[in-house]
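Trainee: Starting off with a structure, shown below.
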Amino acid sequence: MYCLRCGREVPDGVSFCEECEKTVREPLEESPYLSTRVILPAQVGAATRTPPKPVKLPEKKQERKGTHRLKVAVTLLSILCALLAAACGYGVKLYLDSAREHTLLLSQQEENQRLQNQLSNKENEITEQKDKVSQLSARLTEMEDEITRLEQEINTYRMQGSEIDQSLRELQEDNLQLTEENEAYAAQVEALEKQEKTLKDKITALESRNATLEQLSSFIDRHVVFIENDGTNYYHSYWCSRFKKQSYWAYSTNLAIAQGYTPCPDCQ
């Protein structure tokens, strides 16, 4: 900045230099800095007002001022770029942190879902086990009641004496006899099952042979004809009513036709 009175350079924020500050109200003396000073307006009440002269800064000072402004602009631009880079870096960091937290949250949600599914399965298993325990408890109660009833019957049987013992021995003998008969029946059933298997194998073999014979019969019916020595010059199939099966020749159909024989009107 420059002194408002004489035009000397002064620090920023100061209006007058040290010399002018002492004699601000006194007339201005000749000074080499007058060309750069700032003309103050005339005091109120002055008789005449001198028009202010245009301020003409030296070229070096103008260049210095332009360089100073360029430096300030470059500095501000550098600070702005640094702030933008810092903001971008901070934004990227926030994005990465957010993505990491989102991935971690998804993993935690999947793990929670898996744990919830396991918990649900365990709860279902526990419910099933409880149902089974309830069923088993009911069954156990029924068996206990049955055991109690049987014990009462046994006590009743014991109280009846020797007749019941004799009846029990007879029942045991009958049971043994029935067991022996059952074993004999089981042996008979096993023998019958073996016979059934043998018969099934024979039936399977016969069915296979029957299928072979049917194929052979079908082949003979299609390709083999019979010619009797009856002077008719006809060839017959095996099932023809005119075929007497006494004196005949067997030809293939093509050979019989080639030999000049004609088909029988009844069978062909």
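The values are calculated or read from the model by the stated rules, or taken from the named source; none is laboratory data. None of these values were measured; they are calculated from a predicted model. Every residue, glycine among them, receives a Cβ derived from its backbone with ideal geometry; neighbour counts consider all protein chains shown. Each accessible area value is taken on the protein alone, full model and side chains, heavy atoms only, with ligands, DNA and RNA left out. Shrake-Rupley method; radii C 1.70, N 1.55, O 1.52, S 1.80 Å.
Trainee: Exactly one condition in (1) at pLDDT below 90; (2) farther than 30 Å from Asn155 by Cβ; (3) of a type in the set (A, V, I, L, M) is not met by Leu168; state its number.
Mentor: (2)
Trainee: Which residue out of Leu119, Leu104 is modelled with pLDDT of 85 or more, assigned to a helix (DSSP H, G or I) and open to solvent by 80 Å² or more (accessible area, probe 1.4 Å)? Lay out the reasoning, then the answer.
Mentor: Details: Leu104 fails: modelled with pLDDT of 85 or more.
The unique qualifying residue is Leu119.
Trainee: Pairs please, first residue from the range 146-168 and without any contact (Cβ under 8 Å) to a residue 60 or more places away in the chain and open to solvent by 80 Å² or more (accessible area, probe 1.4 Å), second anywhere and part of a helix (DSSP H, G or I) and not small (Gly, Ala, Ser), Cβ atoms under 7 Å, 6+ apart in sequence or on different chains.
Mentor: Once the first residue is without any contact (Cβ under 8 Å) to a residue 60 or more places away in the chain and open to solvent by 80 Å² or more (accessible area, probe 1.4 Å) and sits in the range 146-168, its partners that are part of a helix (DSSP H, G or I) and not small (Gly, Ala, Ser) give Tyr157/Ile164.
Trainee: Being in a helix (DSSP H, G or I) and open to solvent by 100 Å² or more (accessible area, probe 1.4 Å) is the filter here; which residues of the range 220-262 pass it?
Mentor: From the range 220-262, those in a helix (DSSP H, G or I) are 220-223, 253-258; that's our starting set.
The answer is Arg222, Asn254.
The rows are residues; the columns are (1) under 27 Å from the mean Cα position of the chain (by Cα); (2) of a type in the set (D, E, K, R).
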{"site": "Gly89", "(1), (2)": "no, no"}
{"site": "Leu105", "(1), (2)": "yes, no"}
{"site": "Gln109", "(1), (2)": "yes, no"}
{"site": "Asn112", "(1), (2)": "yes, no"}
{"site": "Lys130", "(1), (2)": "no, yes"}
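Trainee: Given the criterion assigned to a helix (DSSP H, G or I), open to solvent by 100 Å² or more (accessible area, probe 1.4 Å) and under 30 Å from Tyr157 (Cβ atoms), identify the matching residue among Leu206, Leu178. Lay out the reasoning, then the answer.
Mentor: On the way: Leu206 fails: under 30 Å from Tyr157 (Cβ atoms).
Exactly one of Leu206, Leu178 is assigned to a helix (DSSP H, G or I), open to solvent by 100 Å² or more (accessible area, probe 1.4 Å) and under 30 Å from Tyr157 (Cβ atoms), namely Leu178.
Trainee: A further question on this structure: If a residue has to be over 25 Å from the mean Cα position of the chain (by Cα) and not acidic (Asp, Glu) to count, how many in the range 114-128 make the cut?
Mentor: Filtering the range 114-128 down to residues over 25 Å from the mean Cα position of the chain (by Cα) leaves 126-128.
From what's left, not acidic (Asp, Glu): 126-127.
Result for the range 114-128: 2.
Trainee: Can you list residue pairs whose Cβ atoms sit under 7 Å apart, with the first residue in the range 1-22 being more than 24 Å from Arg69 (Cβ to Cβ) and the second being assigned to a loop (DSSP other than H, G, I, E, B) and not hydrophobic (A, V, I, L, M, F, W, C)? Count only pairs 6 or more apart in sequence or on different chains.
Mentor: Arg5/Arg37; Cys6/Ser31; Cys6/Tyr33; Cys6/Arg37; Phe16/Arg5; Cys20/Arg5
Trainee: Also, quick follow-up: Determine the pairs where a residue that is on the phi > 0 side of the Ramachandran plot, located within the range 242-268, has a partner that is open to solvent by less than 60 Å² (accessible area, probe 1.4 Å) and of a type in the set (Asp, Glu) with Cβ atoms under 9 Å apart, the partner being 6 or more residues away or on another chain.
Mentor: Correct list of pairs: Lys245/Glu228.
Trainee: A further question follows. Do the conditions hold for Val133, that is, is it open to solvent by 80 Å² or more (accessible area, probe 1.4 Å) and over 30 Å from Cys264 (Cβ atoms)?
Mentor: Values: open to solvent by 80 Å² or more (accessible area, probe 1.4 Å): yes; over 30 Å from Cys264 (Cβ atoms): yes.
Judged against the criteria, Val133 is a match.
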